[in-house]
Amino acid sequence: MSDLLLLGGIALCLLSVVVAVVQLLRTQAPRAGAILLVLGIAAILAGAYLAPEPFSLDRIPQAWARLAGGVTTTP
């Protein structure tokens, strides 16, 4: 579960940048981008909280490898 939250949060944060740029190009306030960023950060923090081992940047490729292999970690 922590791997899913970690990678989902990273995906939401990356998507928020794209959404914010599109909204700024359309001369709109980037509200949706800000909401996605907050949700992404909350998901990353929840994933770090639920992880059995301490959080580090090395966990991101390891989490991707575990999910690609079909194995997920449980708290």
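The values are calculated or read from the model by the stated rules, or taken from the named source; none is laboratory data. Note that the structure is a prediction, hence the values are computed from the model and not measured. Please note: Cβ atoms are built from the backbone with ideal geometry, for glycine as well, and neighbour counts cover all protein chains shown. In case anyone asks, the SASA skips ligands and DNA or RNA and just uses the protein heavy atoms, side chains included. Shrake-Rupley method; radii C 1.70, N 1.55, O 1.52, S 1.80 Å.
Convex hull volume of the Cα atoms of the chain, normalised per residue: 79 Å³.
Between Ala29 and Val17, the simple label model (points 7 Å from Cα in the Cβ direction) yields a spacing of 2.5 nm. Could you tell me how many degrees, from 0 to 90 and to the nearest 10, lie between the Cα long axis of helix 59-68 and the main elongation axis, the longest principal axis, of the Cα atoms of the chain? Computed tilt is about 80 degrees. Just so you know, the Rg over Rh for the stretch 12-51 is 1.14, from Cα atoms, with Rh as the Kirkwood radius. Carbon-plus-sulfur accessible fraction, the chain (probe radius 1.4 Å, protein heavy atoms only): 75%.
Using a probe of 1.4 angstrom and keeping all protein chains present, the accessible surface of the stretch 12-51 works out to 68 square angstrom per residue. With contacts taken as Cα pairs under 8 Å and at least 6 residues apart, the chain reaches a relative contact order of 46 percent.
For the stretch 10-20, 3J(HN,Hα) computed residue by residue from phi via the Karplus equation (6.51, -1.76, 1.60; θ = phi - 60°) reads 5, 5, 5, 5, 5, 5, 5, 5, 5, 5, 5 Hz, glycine and proline entered as x. On a 0 to 90 degree scale, rounded to 10, what angle separates helix 31-50 from the longest Cα axis of the chain? So the helix axis and the longest Cα principal axis differ by about 10 degrees. Rounded to the nearest 500, the helix-only mean residue ellipticity at 222 nm of the chain stands at -24500 deg cm²/dmol, with each DSSP H run of n ≥ 4 adding -39,500 (n - 2.57).
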